[in-house]
Amino acid sequence: MKILLAEDEKNLSHVIQMAMRTSGYEVDAVDNGQKVVEMAAKNAYDVMILDIMMPIKSGIEALSEIREHGDKTYVIMLTAMSAEDDRVNGLDTGADDYLTKPFSLKELLARLRSLERRSRDYAEDQMEFNDLQLHSEDQVLESHNSISLSREETKIMQYLIRNAGKKMDEQYLLRHVWDGDAAADDVWISICYLRHKFDAIQSSTKIQGKKGGPYVLEV
């Protein structure tokens with residue numbers, strides 16, 4: 001999984017990063033809420049871990065802004081305050097889970113493993129972007145007409161639609177679509193097939209990007 005960590009306490013951020021990277025996760029780390037908004041706008045993440053108390057913009061303010069932009073990435077809030085109002089405020093703003101400092105790294109990693117298992121088993125059946133409708137269960141893509149997709153093409157479309165407008169790098173797709181058990185050329189071949197299928201169903205949507213990525217789904 002690719003994770004965005006927002007924590008302004010340097011020592012704590014370093015410890016969390018080391019624990020997650022040792023567990024095999026890819027981590028981008030920032031130290032204020034404005035950077036969260038900027039990173040979330042251009043990169044695809046599986047999870048965001050946001051401290052509530054941060055400079056420039058708080059975790060709550062950053063979360064509110066990214067949710068307003070339609071970002072549905074799973075968010076875990078970190079807070080040093082155990083008051084019920086703070087937890088409720090975070091959840092009402094759009095957080096999916098929270099941890100109160102001090103927290104156990106073992107618990108954080110266990111939650112990430114649970115989320116990873118759940119994301120592998122769950123996929124939205126009906127997804128839309130611009131003039132495209134993806135029917136995941138039937139592996140069908142529709143616009144002015146419809147066309148069948150392969151399993152890999154369907155999964156690529158799920159990630160592209162979920163992260164429309166964001167850069168999806170080649171390694172991200174390899175890990176998520178093929179579980180890393182494929183060559184880079186497989187990504188490029190699938191992207192090329194999808195582009196031809198977009199033309200076949202007369203869609204105005206485009207997958208931008210050259211061989212090797214990153215790729216972006218946009219109008």
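The values are calculated or read from the model by the stated rules, or taken from the named source; none is laboratory data. Predicted, not measured: the structure shown is a model, and the values here were computed from it. Every residue, glycine as well, gets a Cβ built from its backbone with ideal geometry; the counts of neighbours run over all protein chains shown. Surface accessibility is based on the protein's heavy atoms, side chains included, excluding ligands, DNA and RNA. Shrake-Rupley method; radii C 1.70, N 1.55, O 1.52, S 1.80 Å.
Points worth noting:
- Checking D71, D28 one by one, the residue that is modelled with pLDDT of 95 or more, outside any helix (DSSP H, G or I) and at negative phi is D28 and no other.
- Filtering the range 203-213 for residues that are closer than 16 Å to N43 by Cβ and either among the basic types (K, R) or within 14 Å of the chain's Cα centre (by Cα) (or both) leaves an empty set.
- The single residue among S104, S148, S143, S136 that is over 24 Å from V36 (Cα atoms), among the small types (G, A, S) and exposed (fewer than 14 other Cβ atoms within 10 Å of the Cβ) turns out to be S148.
- Just one of (1) closer than 26 Å to M20 by Cβ; (2) in contact (Cβ under 8 Å) with a residue 60 or more places away in the chain fails for L217. It is (1).
- Of all the criteria given as (1) buried (at least 18 other Cβ atoms within 10 Å of the Cβ); (2) at pLDDT below 90; (3) over 24 Å from A40 (Cα atoms), the one not satisfied by E153 is (2).
- Filter result for V88 (open to solvent by 40 Å² or more (accessible area, probe 1.4 Å) and either modelled with pLDDT of 90 or more or at negative phi (or both)): yes
- Across the range 61-85, the qualifying residues are those that are more than 20 Å from Y45 (Cβ to Cβ), without any contact (Cβ under 8 Å) to a residue 24 or more places away in the chain and not hydroxyl-bearing (S, T, Y), and the one among them that is surrounded by the most Cβ atoms within 10 Å (Cβ to Cβ) is A83.
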